[in-house]
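Asks: Below you will find the structure I want to go over with you.
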Amino acid sequence: MWQPKRMSKGKPDAADEGVNRLGGLARRLANRALGDPRVQEATLSLKTRAESLRSGVRDRADERLEALIESRSAGGHLSGEVEDALHQRRVQREERQAKQAAREAVLAVATTTEERRVLLRVLEGTAWAGGERDLPRYTALLDALAAGGSAEQEMAVHRAIWSLAEREVLSVSPHGLISAVNRQSNKVLTLPSKVQDTQDAE
């Protein structure tokens, strides 16, 4: 009489081994793709674009609200409190728009993927362009953008930084801090003296 073949508990069958091999291959390919500079640049670009779209939606909502308030008070006078609130909203909106315009002006200078990756990272620490992080140091920027340890990739980032510096898009301090040059005012972003002293001492 035929009996089903018993599987050995200690050895996985060929199908399981095949699945494991495919799973490992998929993970390696995914990690390699995530380390690709073009993928990293595309990810940062998508994040920047999403933030810009959200800002645009918020600005249009503010404008509609302000127009609605003013239309309902047509023929009358707004209270001082309401006028102050409307003025403050306009000031904040104009500041956001100015920062976005400054950011776009800096990014427009990039001529290569590496330059754009460098600029996106530096702009994350550039307050006048909407950045909210600290300014990056040269070595930290190299580590972040050439995380795989490839000498070729590290050299590409190095060339991008110094190409941008030579064109006065970036400024590299003697202590290795990298800042973006405000192309609208032609002034380099400066840190408050206390912050500068703290970072220089590191």
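The values are calculated or read from the model by the stated rules, or taken from the named source; none is laboratory data. This structure is a prediction, so every number in the text was calculated from the model and none was measured. When we count neighbours, we look across all protein chains shown, and the Cβ atoms used for this are built from the backbone with ideal geometry, even at glycine. Each accessible area value is taken on the protein alone, full model and side chains, heavy atoms only, with ligands, DNA and RNA left out. Shrake-Rupley method; radii C 1.70, N 1.55, O 1.52, S 1.80 Å.
Asks: Determine ³J(HN,Hα), in whole Hz, for all residues of region 165-176 in sequence, where each value follows from phi through the Karplus function 6.51 cos²θ - 1.76 cosθ + 1.60 and θ = phi - 60°; x replaces Gly and Pro.
Replies: Each residue's phi maps through the Karplus curve to give 5, 5, 8, 6, 8, 10, 10, 10, 6, x, 9, x Hz.
Asks: Accessible area of D134, 1.4 Å probe, to the nearest 10 Å²?
Replies: 120 Å²
Asks: Rounded, prolate or oblate: which one fits region 107-166, using the alpha carbon gyration tensor with axes a ≥ b ≥ c (rounded when a/c is under 1.5, else prolate when a/b beats b/c, else oblate)? It would help to have the intermediate numbers written out before the result.
Replies: Details: a/c = 2.20, a/b = 1.38, b/c = 1.59.
In terms of gyration-tensor shape, oblate.
Asks: Top to bottom by accessible area (1.4 Å), largest first, where do D59, D143 land? The partial results should precede the final answer.
Replies: On the way: D59 15, D143 105 Å².
Highest to lowest solvent-accessible surface, that is D143, D59.
Asks: Compare the peptides 163-174, 117-128 by average per-residue count of other Cβ atoms within 10 angstrom and give them in order, highest first.
Replies: Listed from highest to lowest mean packing, they are 117-128, 163-174.
Asks: Which shape class applies to region 54-155: rounded if a/c is under 1.5, otherwise prolate when a/b exceeds b/c and oblate if not, where a ≥ b ≥ c are the square roots of the Cα gyration tensor eigenvalues?
Replies: Numbers: a/c = 4.75, a/b = 3.47, b/c = 1.37.
Here region 54-155 falls in the prolate category.
Asks: For V57, V109, give the ranking by accessible area with the largest first, probe 1.4 Å. Show your work: numbers first, answer last.
Replies: Details: V57 80, V109 30 Å².
So, going from the largest accessible area down, we get V57, V109.
Asks: Still on this structure, I have one more. Let me check something: with ligands and nucleic acids excluded, how do H158, H175 order by accessible area (1.4 Å probe), largest to smallest? If you can, show how the numbers build up before the last one.
Replies: Values: H158 65, H175 100 Å².
My answer, sorted largest first, is H175, H158.
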